[in-house]
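Here's the structure, in structure tokens; my notes come after.
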Amino acid sequence: MAFPHTRMRRLRKNETLRKLVRQTSLSASDFVYPLFIRTGRELKEPIESMPGCFHFSPDTAAAEAAEIFSLGIPAVILFGLPERKDATGSQAWAKEGVVQQAVRQIKKTCSDLVVITDVCLCEYTDHGHCGVIRDGRVDNDATCELLAKTAISHAQAGVDVVAPSDMMDGRVGVIRNALEKNGFKDTAIMAYSAKYASAFYGPFRDAAESAPAFGDRKDYQMDPANSAEAMREIALDVEEGADIVMVKPALCYLDVIYQAKKRFNVPIAAYNVSGEYMMVKSAAKAGLMNSEQAMLEVLLSIKRAGADIIITYFAKTAAELLKLTHRKVSK
Ligand code: PBG
């Protein structure tokens, strides 16, 4: 029964009707908020490449975490900027490392907030690659051992979830075994399973001071042209013991998120990365689009594609906005 019996506009007549038939909705509980931690005290320094984001010290990160939790956001993911870097990235597993300190302080202030740590060496190595270099290439198996050491040190500090983002083969299994052996059977793993070699990490690499000093990451991160390979990566990580799998970046890879959701019965996370954040921020600053609408549309598209969890620098702004809109509509 086509037109005029069928009129698609009938259900678009007003906002209440549209709300009734709306398929996808966003909530603060979908979000994970990334925090950048550096050594020091009482720091909250704006990050130049990512307006709206800050470098915190462990003490101010704890205060920030409490605010994040009060907005209904269930989790943070921590990235560390160490005091010094070396060839193996040894500050990554230091007991008094900056992330380890931040985990302890956040857990003390706000024990219910889920604390996730990014497990990678690129912020800690002096060459900026995600592992140790042997013969001009990142050495896979040697790197896995160091990642496991790092994950254990985060678990000892009290983290809930470790998130390896290095893209070495077999690292999820090596980390899972190490956690079990050391008595951390309840520390979960969120694997950056399908992580692409993307230009959209640009602003983050400034913020985390983690750009590679030579070459690029195409030797370990995925080729943007491939999606079947992403399904293999995810399957392997699930087999090795990942509790949550991730697709990263989100926007250029919505098809990958969609396929992953259809195929795997594990929570799917998507990382709305720094370059995606800055596309919206920059366009809005140039007066080209409405920042809040663009933000919500981006986040909604990631959720609609199938993501259960969205890691986003917009988390706080979006949570505040959703609270307001909810109040307005329910009045
Ligand atoms: C570390 C890591 C990166 C991001 C998250 N973890 C950078 C990279 O792989 O170069 C990027 C996050 C973002 O762009 O927001 N390996």
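The values are calculated or read from the model by the stated rules, or taken from the named source; none is laboratory data. Predicted, not measured: the structure shown is a model, and the values here were computed from it. No Cβ is skipped: glycine too gets one built from the backbone with ideal geometry, and neighbour counts run over all protein chains shown.
Selection of region 199-233 for residues being within 8 Å of the ligand (Cβ to nearest atom), more than 18 Å from VAL138 (Cα to Cα) and assigned to a loop (DSSP other than H, G, I, E, B) yields only ALA208. When restricted to residues that are buried (at least 17 other Cβ atoms within 10 Å of the Cβ) and closer than 22 Å to LEU43 by Cα, region 105-145 contains 11.
The residues of region 63-102 that are under 22 Å from ILE175 (Cα atoms) and among the polar types (S, T, N, Q), listed by number, are THR88, SER90, GLN91, GLN100, GLN101.
Of the strands (runs of 3 or more DSSP E) lying entirely inside region 73-188, the ones with 3 or more residues being under 18 Å from ARG205 (Cα atoms) are found at 75-81, 114-119. Which of the residues that make up region 80-104 are out of contact with any Gly (no Cβ under 7 Å at 6 or more places or on another chain), surrounded by fewer than 24 Cβ atoms within 10 Å (Cβ to Cβ) and under 17 Å from THR39 (Cβ atoms)? Once the filter is applied, which keeps residues that are out of contact with any Gly (no Cβ under 7 Å at 6 or more places or on another chain), surrounded by fewer than 24 Cβ atoms within 10 Å (Cβ to Cβ) and under 17 Å from THR39 (Cβ atoms), region 80-104 yields LEU81, GLU83, ARG84, LYS85, ASP86, SER90, TRP93, ALA94, LYS95, GLU96, GLN101. Here VAL161, VAL138, VAL119 are screened, and the one residue that is under 20 Å from ILE309 (Cβ atoms) and within 14 Å of the ligand (Cβ to nearest atom) is VAL119. Residues that are part of a loop (DSSP other than H, G, I, E, B), touching a helix residue (DSSP H, G or I) at 6+ places or on another chain (Cβ under 8 Å) and within 20 Å of GLY97 (Cβ to Cβ) within region 23-46 comprise THR39, ARG41, GLU42, LEU43, listed in sequence order.
When ALA197, ALA178 are screened for being farther than 20 Å from TYR271 by Cα, out of contact with any strand residue (DSSP E or B) (no Cβ under 6 Å at 6 or more places or on another chain) and either surrounded by fewer than 22 Cβ atoms within 10 Å (Cβ to Cβ) or among the β-branched types (Val, Ile, Thr) (or both), only ALA178 passes. Taken as a whole, the condition of being modelled with pLDDT under 95 and either surrounded by fewer than 15 Cβ atoms within 10 Å (Cβ to Cβ) or hydrophobic (A, V, I, L, M, F, W, C) (or both) does not apply to GLY287.
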